[in-house]
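Coordinate-derived values only; no laboratory data. Here the structure is a predicted model, which means the values were calculated and not measured. Every residue, glycine as well, gets a Cβ built from its backbone with ideal geometry; the counts of neighbours run over all protein chains shown.
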Amino acid sequence: MIDELKPYTDYKDSGVAWLGKVPEHWGIPPGFAAFREKCVKNKGMQEDTVLSLSYGRIVVKPKDKLHGLVPESFETYQIVTPGDIIVRSTDLQNDWNSMRVGLVRNRGIITSAYLCFQVISPLDPDYAHALLHTFDLMKVFYGLGSGLRQNLSFLDFKRMLILTPPPEEQAAIVRFLDYANAKIERAIRAKRKLIGLLNEQKQAIIHRAVTRGVDPNVKLKPSGIPWIGDVPKHWEVRRLRTMVHTIDQGISPQAIGFVAEGNSWGVLKSGCVNHGVFRQTEHKQLSSALVIDPSIVVKVGDVIISRACGSPKLVGSVGRVRTLDYRLILSDKTFRAVFKLFVNVDFIVYAMNSPYYRQQVEQAISGAEGMANNLPLSELRSFVFFVPPSDEAKVIASFIDHELDQIIKEIVRGEREIALLREYRTTLTAEVVTGKLDVREAAKRLPDQADELLPADESLDDLIDDEITEEVEA
């Protein structure tokens with residue numbers, strides 16, 4: 001059905017380069033003809049249902065997750081109602097990745113740091129959300145804003161040209177996109193599930209090898225940890241601090257929210273290591289005026305550890321820098337472990353991706369003061385590892401490399417397929433919402449129960465790759 005879509009018959013010039021031509025019968029009024037700015041403060045705590053903008057969705061934030069950067073009183077928050085549109089208007093200079101637009105479906109409160117729009121005729125709220133979401137995907141907002149950190153205000157939207165198809169056509173566009181997005185989302189979920197199973201298999205192989213080795217006849221001794229059981233008798237029990245020269249930490253400089261270009265330098269993001277893999281593109285470009293400290297420059301062979309992150313599942317993640325195509329420095333949210341010569345680094349990196357290491361991370365961050373998703377250096381240095389002699393560690397690391405080779409290839413393939421599906425969804429959404437494709441006839445042929453195809457809301461933990469951290473009003 002999607003492959004059958006055709007352009008409209010007649011078009012006109014929108015007068016805006018990034019919009020190009022639009023259907024002849026669509027209106028192109030300024031934003032103030034369809035949106036009103038709204039900010040109703042929560043005085044007297046009229047509402048206590050806290051909402052959050054996460055992954056481009058407005059979701060109810062569970063009370064047990066109201067920790068970290070929260071205000072002294074939620075009276076500073078604003079009350080929002082179903083049909084309102086929320087725009088994360090801050091810090092465009094530093095963040096080019098977050099989805100900034102969400103449609104409110106539950107009455108509640110959200111930080112007043114965000115813009116809230118009330119939709120008025122001639123736009124339907126669902127179509128209005130699809131339109132602004134498309135502008136978000138097309139990175140239109142990044143050409144707007146003002147101030148040092150390039151923040152948006154309602155003034156940026158008042159004169160922005162918007163598209164207004166006839167009401168019945170807006171409904172057809174929303175219906176079609178709901179249907180198409182549901183099919184694409186189901187395909188993505190299936191691939192995520194497969195990747196999850198592959199990661200579980202990967203974890204099992206690593207755990208077995210770094211706690212038992214590869215000799216089935218090895219003599220064992222109690223590890224002292226009930227859920228690990230026995231470990232090889234001749235292995236040492238060492239704390240991390242005895243195996244490292246230093247654990248370095250970076251800085252938090254002003255940065256631009258896209259990857260470094262040319263000879264520019266970049267600073268690592270907190271999510272640069274995930275599931276044992278170092279992702280060098282997870283960085284932000286630095287100003288050319290910044291003087292680079294050689295002691296925090298990232299090099300091939302470095303072991304990078306995530307110190308703090310918006311998701312507790314990523315805190316403590318460890319990866320080794322295998323290749324490097326950018327000039328990068330450590331951020332204040334990353335550690336670099338510099339190991340002593342007697343340590344087989346490949347083995348230790350695998351051990352730092354095992355369940356017994358993860359257990360220590362979770363205990364450390366649950367007891368950390370201040371931000372919950374933070375790994376204290378003192379705790380990291382005290383982590384316990386089961387360490388074989390160097391020659392045996394080398395054999396075990398090679399064994400794990402061999403066992404994981406095909407699994408990692410399958411995971412990479414799955415991640416690439418998810419990326420392609422997302423790119424396709426972005427392109428399809430933009431072409432439909434901006435009138436490059438006509439979906440009126442296709443929407444008529446959709447099943448009456450099209451809404452049943454919509455995916456249920458996913459848990460926030462399942463969407464780590466898209467995670468953003470909500471900014472809270474001071």
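Table for the structure above
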item	result
Extension reserve of the residue 4-residue 254 stretch, reckoned as 0.36 nm per residue once the Cα distance is removed	85.3 nm
Neighbourhood charge, 14 Å Cβ-Cβ cut-off, centred on residue 261 and excluding it, Lys, Arg +1 and Asp, Glu -1	+1
Sites residue 359 and residue 234, calculated FRET efficiency, Cβ-Cβ separation with R0 22 Å, nearest 0.05	0.40
Local electrostatic count, residue 36, Cβ distance below 12 Å [Lys/Arg +1, Asp/Glu -1]	0
In order through the range 240-257: 3J(HN,Hα) via Karplus (6.51 cos²θ - 1.76 cosθ + 1.60), integer Hz, x for Gly, Pro	4, 4, 7, 10, 10, 6, 8, 10, 7, 9, x, 10, 10, x, 4, 9, 9, x
Calculated Cα extents along the principal axes in Å (choose from [x] 79, 48, 47; [y] 75, 57, 55; [z] 56, 50, 42), label	[x]
Zero-based 5 Å bins, Cα pair distances in the range 155-291, whole percents	2, 7, 8, 8, 9, 10, 12, 12, 10, 7, 5, 3, 3, 2, 1, 0
Sum of -39500 (n - 2.57) over DSSP H runs of 4+, divided by residues of the chain (222 nm, nearest 500)	-9500 deg cm²/dmol
Dimensions (Å) - the range 236-387, Cα atoms, principal axes, largest first	46, 35, 23
Charge dipole magnitude, Cβ of K and R +1, D and E -1 - the range 236-387, Cα centre, debye nearest 20	200 debye
Dipole magnitude of the chain, debye to nearest 20 (Cβ charges: Lys/Arg +1, Asp/Glu -1, about Cα centre)	1080 debye
Of 355, 259, 289, farthest towards positive along the dipole that unit charges on Lys, Arg, Asp, Glu beta carbons give the range 236-387	355
Point-to-point label distance, residue 200-residue 441, nm (Cα→Cβ direction, 7 Å offset)	4.6 nm
Projected area, mean over directions - the range 338-426, Cα convex hull, nm²	8.7 nm²
Pairwise label distance in nanometres, residue 417 with residue 289, each label 7 Å out on the Cα-Cβ vector	4.9 nm
